[in-house]
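These notes concern the structure reproduced below.
The values are calculated or read from the model by the stated rules, or taken from the named source; none is laboratory data. No experiment lies behind these values; they were computed from the predicted model shown. Cβ placement follows ideal geometry from the backbone for every residue including glycine, while neighbour counts extend to all protein chains displayed. Surface areas here come from the heavy atoms of the whole protein model, side chains and all, with no ligands, DNA or RNA. Shrake-Rupley method; radii C 1.70, N 1.55, O 1.52, S 1.80 Å.
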Protein chains: 2
Amino acid sequence: MSQTHPVNQEVTLSVIKTACSNCNLRELCLPYGMSIDELERLDDLVSTRRRVKRGDHLYRAGEVFDAIYAIRSGFFKTDVLLEDGRDQVTGFQMAGELLGLDGISTEHHTCNAIALEDSEICAIPFSRLEVLSREIHTLQHHFHKVMSREIVRDHGVMMLLGTMRAEERLAAFLLNLSQRFTARGFSHAEFYLRMTREEIGSYLGLKLETVSRAFSRFQEEGHIAVQQKHIRILNVNGLKALMHHRAV
Amino acid sequence: MSQTHPVNQEVTLSVIKTACSNCNLRELCLPYGMSIDELERLDDLVSTRRRVKRGDHLYRAGEVFDAIYAIRSGFFKTDVLLEDGRDQVTGFQMAGELLGLDGISTEHHTCNAIALEDSEICAIPFSRLEVLSREIHTLQHHFHKVMSREIVRDHGVMMLLGTMRAEERLAAFLLNLSQRFTARGFSHAEFYLRMTREEIGSYLGLKLETVSRAFSRFQEEGHIAVQQKHIRILNVNGLKALMHHRAV
DNA sequence: GCGTTCGCTTGATCCAAGTCAACCATAAAA
DNA sequence: TTTTATGGTTGACTTGGATCAAGCGAACGC
């Protein structure tokens, strides 16, 4: 590459921009709660940035695990494949969230992570994260919290799959998305779905037709406005009520 | 209490017996992979042993979290209660397994842990565990693996709830129990269920009648012998086949 | 600009599991 | 020993969501 001064400057700028210490997601992501000095030590670790094009795998089930990934921008899904060919989407991840925690257990990834739009991720080599988290207490503690939060989230999904009916599931799903978009500074009431009806259905344990019908019903009842993947929430409380419709 | 010599000796003996370094579950539990010296440092931490009677809570959702618990003996369930009164069993835990990991995230427990038989647990103060795991790399790494394993387990349950039909779920459940009993040195083919049909159903997202019917069907087909809570597995491969019966 | 593809919607029908109800078995209480 | 309570089984019926099928609209490649 050219080594002229202007280009070097540009490279430097770009490096600064990719550092955790300057990342506008740091309050959502791994750096949460860390001091300026501590952040600079984390920057060292998280130097590798990578683009993942829509439809491409970030990692695949079975591959050796050596890093977790923070989503810098974009949108992912994770899915698990059963031996008999059935598969299920286990989660949708957006900016500031971590991918790959499931791989720590066996040192192999146990699911596929696929970009649903062109995305950018920060790779965090796991063994180095363990070293650093021995030294930075806040990092250690926050990492534990993030793992625990993932467990709590999964319990919520189990609850949804085990006790809720179709419309309740979809209402819960929309409210969850809305809440996560809000946390990222986007509108809570209007967003684009990055995933298909089939992927939503897979995640919610429903068929795509059922998802589609539920969307139509919500629209008829004035809770939301749907136009393909564009969703506007017209009545949050209506959705919340729907979510707990039938206490069986 | 009496301070005579024999009694003191008994106390000492009892303390030695409760230490991780002498625990016969150490290969299944938190101490996995630790050296003798390291184990002795862990012993300090895990000094509190507690009995929990059948039906009693180890902790309740909403309580402040300050420790995780290793099951020394016995059997637990965890369940989550939704605002609208619905609840679901999120897991069954047996000797050597950890309880309470969900509480790290918010510093409050997010589920109830209830003993299904008279049990004994070791309390592990969490902040002290974090301190020690900064010093003992194997402890740190193993703890991360345990948390990750919990995430992978939950994905398995999501898979089960999202894609499997009733008989497949129950077959998977029985095989899972069998495998965990085996890992603890018990028969893989014969065991007592500690939970009711209703609790199994709640965990599997089914009604108790459906669970009961599936048991009867498995018995008719010669896969298992059921007598109340006593289960004998007669045909493991039959169950495995059942588990992947319909690749929809 | 046009055909092809992919994702979505909607309708008709079907079935697995839920619901309701009766009854049985075991264990604890009286 | 009988009574009561709790948990389990089984049958008859209902239903929510799956399945099958047709058609539509937007996006993309040629």
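To the nearest 0.05, what FRET efficiency results for A:S216 and A:D56 with a Förster distance of 45 Å applied to their C-beta separation? For A:S216 and A:D56, the calculated efficiency is 0.90. Summarising the label geometry, the points placed 7 Å from Cα in the beta-carbon direction at B:N22 and B:K207 lie 5.3 nm from one another. Extending 7 Å from the Cα toward the beta-carbon at both A:E198 and B:N235 defines two label points whose distance is 3.6 nm.
Amide H contacts for A:T90 (H built 1.01 Å from N in the peptide plane; partners 5 or more residues away or on another chain; cut-off under 5 Å): A:T78, A:D79, A:V80. Highest GNM mean-square fluctuation among B:M195, B:M158, B:M94, for chain B modelled with Cα contacts below 10 Å: B:M158. Taking GluC sites (Glu not before Pro) in DSSP loop conformation with at most 15 other Cβ atoms inside 10 Å as exposed sites, chain B has its longest uninterrupted site-free stretch at B:108-220.
Counting from the shortest, the label point at B:R50, 7 Å from Cα toward Cβ, is 4.4 nm from the same position in each remaining copy.
By accessible area, using a 1.4 Å probe on protein heavy atoms only, the protein assembly as shown has 50% of its surface on carbon and sulfur. The mean sequence separation of alpha-carbon pairs under 8 Å and at least six residues apart, normalised by the residue count of the stretch A:164-243, gives a relative contact order of 37 percent. Annotation: amide H-H contacts under 5 Å for B:E63 (H modelled 1.01 Å from N, sequence separation of 5 or more, or interchain): B:H109. A P(r) calculated from all alpha carbon pairs of the stretch B:5-160, with 5 Å bins opening at zero, reads 2, 9, 17, 21, 20, 15, 9, 4, 2, 1, 0, 0 percent. When the other protein chains are added to the chain by itself, burial of at least 30 square angstrom of heavy-atom accessible area (probe 1.4 Å, ligands and nucleic acids ignored) affects these residues of the stretch B:160-178: B:L161, B:G162, B:T163.
For q values of 0.11, 0.20 Å⁻¹, compute log₁₀ I(q)/I(0) with the Debye formula on a Cα-only model of the stretch A:14-81, without solvent. Values, matching the q order: -0.32, -0.92.
Taking amide H positions as modeled 1.01 Å from N, with prolines and chain starts lacking one, the residues under 5 Å from A:L58 and 5 or more places away or on another chain are A:A113, A:I114, A:A115. Remark: accessible area buried at the A-B interface is about 4700 Å², both chains counted, probe radius 1.4 Å. Only lysines eight or more places from B:K207 in sequence, or on another chain, were considered; those with a Cα closer than 23 Å are A:K207, B:K77, B:K229, B:K240. Taking every alpha-carbon pair under 8 Å whose residues sit at least 6 apart, the stretch B:55-203 reaches a relative contact order of 26 percent. Rolling a 1.4 Å probe over the protein heavy atoms gives the stretch B:5-160 an accessible area of 44 Å² per residue.
Computed on the Cα atoms alone, the convex hull of the stretch B:164-243 gives a volume of 80 cubic angstrom per residue. The modelled label-to-label distance between B:T106 and A:N176, using points 7 Å beyond Cα along the C-beta direction, is 1.5 nm.
Would you mind checking the stretch A:156-187 for residues with the amide N under 15 Å from a putative spin-label position 7 Å along Cα→C-beta of B:L82? Taking a point 7 Å out along Cα→Cβ of B:L82, the residues of the stretch A:156-187 whose backbone N falls under 15 Å are A:156-176.
Residues within the reach of a label modelled at A:I36 (point 7 angstrom out along Cα to beta-carbon, backbone nitrogen below 20 Å), restricted to the stretch A:114-139, are A:136-139. One Cα centroid belongs to the stretch A:158-189, the other to the stretch B:92-137; the line between them spans 29 Å. Per-residue ellipticity at 222 nm from helix content only, as computed over chain B with -39500 (n - 2.57) for each DSSP H run of at least four residues, stands at -14000 deg cm²/dmol. Across the options A:G100, A:L193, A:I36, the greatest Cα extent toward the positive end of the charge dipole of chain A (unit charges at beta carbon of Lys, Arg, Asp, Glu) belongs to A:L193. Can you give the alpha-carbon Rg of the stretch B:208-248 over 2.2 N^0.38 Å, where N counts its residues? This ratio for the stretch B:208-248 stands at 1.18. Copy-to-copy spacing for A:G238, label 7 Å out on the Cα-to-C-beta vector, in nm, shortest first? For A:G238, the other copies' label points sit at 5.3 nm, shortest first. Classify the protein assembly as shown as rounded, prolate or oblate, taking a ≥ b ≥ c as the square roots of the eigenvalues of its Cα gyration tensor: rounded when a/c is under 1.5, otherwise prolate if a/b is larger than b/c and oblate if not. Cα axes put the protein assembly as shown in the oblate bin. Magnitude of the charge dipole for chain A, about its Cα centre and with charges confined to Cβ atoms of Lys, Arg (+1) and Asp, Glu (-1), is about 740 debye.
When only the Cβ of Lys, Arg, Asp and Glu is charged (+1, +1, -1, -1), the dipole of the stretch B:33-112 relative to its Cα centre reaches about 500 debye. For chain B, the longest principal axis of the Cα atoms and the long axis of helix B:208-220 meet at an angle of about 70 degrees.
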